Amino acid sequence: MLLLNFFGVEQKKEKRVIIPENAEKLIELTKQKGKTVFFFTAGWCPDCTFIKPKMPEIEAENPEFQFVEVDRDAFMDLAQEWDIFGIPSFVVLENGQEIGRLVNKARKTKEEVNGFLANYK
């Protein structure tokens, strides 16, 4: 999306990762239009802390997606419903329908996540 700044110069508005504060907001996000990547993580997870610093780069390189960071422990009901038992994990929805998943307990690299997302652009 392009916006005009104070001087009338076009600037790109960057999407920012959304961190839902409650279950109602998370449920709303699962129903939104467009392509959404749900990144399931937890603070205690060493493989999650490995990929988390790379997430801003991954988000910037994949602007066609809205990214949602989900604390798996805070939203355990959804994680169980979506069979998210290994983290970090990624689930892609398009217009509320799942179109892809990278769900396992293995450490993921930036290249692996970008390769996975390339399948759904």
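Taking the criterion of being over 13 Å from the mean Cα position of the chain (by Cα), under 15 Å from T49 (Cα atoms) and touching a residue at least 60 places away in the same chain (Cβ under 8 Å), the residues of segment 72-113 that qualify are R107, K108. So is F7 modelled with pLDDT of 95 or more and aromatic (F, W, Y) or not? No: the conditions fail for F7.
The set of residues in segment 83-102 being surrounded by fewer than 20 Cβ atoms within 10 Å (Cβ to Cβ) and farther than 17 Å from I58 by Cα consists of D83, F85, G86, E94, N95, G96, Q97, E98, I99. When the residues of segment 32-80 are filtered to those that are assigned to a strand (DSSP E or B) and of a type in the set (D, E), the one that is nearest to F90 (Cα to Cα) is E69.
Do we find that L117 is in contact with a helix residue (DSSP H, G or I) (Cβ under 7 Å, 6 or more places away or on another chain) and among the hydrophobic types (A, V, I, L, M, F, W, C) in this structure? Judged against the criteria, L117 is not a match.
The values are calculated or read from the model by the stated rules, or taken from the named source; none is laboratory data. As the structure is a prediction and not an experimental result, all values here were calculated from the model. Because the Cβ atoms are built from the backbone with ideal geometry, glycine has one as well, and the counts that use them run over all protein chains shown.
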